[in-house]
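The values are calculated or read from the model by the stated rules, or taken from the named source; none is laboratory data. Just so we're clear, the structure is a prediction, and the values are computed from it rather than from any experiment. Here Cβ is always computed from backbone atoms with ideal geometry, including for glycine, and neighbour counts include all displayed protein chains.
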Amino acid sequence: MAIVTTVGSASANSYITVAEYEAFWTERNVTISGATAAKEAQLVQAAVYINRSYTFVGEQQHRFQAMAWPRLTGIYLVKDFPIDPDFVPQDIKDAQAELAYILHQGTNVFATVEGGAKVREKNKAGPVETEVEFTNFRETPRFVAIEGLLSPYTIYGGAQLKMVRG
């Protein structure tokens with residue numbers, strides 16, 4: 001599989017290259033083991049997850065671009081600066097590197113979430129009795145490092161509406 005990082009391309013499948021991914025983690029004193037093909041697959045999966053899971057400010061820059069970035073943002077400011085419409089912010093690239101490493105460690109970010117969370121369990125010794133109570137909502141995995149990197153660029157932060165300066 002070939003990694004395509006051309007900004008705005010209809011065939012792009014990653015925000016960063018394998019070399020950028022490895023450099024990101026080398027800078028943090030972490031060595032990513034495995035074949036290049038495995039790293040490419042992790043990067044593509046991480047990009048797919050980011051593009052599907054987050055609603056970013058602005059609109060796509062190009063009509064047929066494959067990735068969520070670059071964006072036309074108009075009045076949106078991130079960290080008090082406008083976003084360059086022909087540019088993928090470093091935070092987006094860093095989030096992809098972080099998520100690719102989570103995939104490298106074996107987490108399935110696309111796993112189906114079943115049932116609610118167990119909130120109470122009661123056991124009785126004799127005669128045997130077991131009682132388990134679940135919540136009525138499903139727990140989805142959260143990736144706090146990813147959320148932190150992407151939150152300045154998303155429309156909604158957590159359960160709150162993101163405020164922007166006009």
So V88 passes all but one of these: (1) buried (at least 17 other Cβ atoms within 10 Å of the Cβ); (2) touching a residue at least 24 places away in the same chain (Cβ under 8 Å); (3) in a helix (DSSP H, G or I). Which condition number does it fail? (3)
Inspect all residues belonging to segment 91-111 and state whether any of them is over 15 Å from the mean Cα position of the chain (by Cα), at pLDDT below 70, surrounded by fewer than 16 Cβ atoms within 10 Å (Cβ to Cβ) and outside any helix (DSSP H, G or I). no
Go through segment 21-61 and give me each residue that's among the charged types (D, E, K, R) and surrounded by 14 or more Cβ atoms within 10 Å (Cβ to Cβ). E22, K39, E40
Is it true that some residue in segment 37-45 is touching a His at 6+ places or on another chain (Cβ under 6 Å) and farther than 22 Å from P152 by Cβ? yes
Residue count, segment 6-20, condition hydroxyl-bearing (S, T, Y) and surrounded by fewer than 18 Cβ atoms within 10 Å (Cβ to Cβ), comes to 4
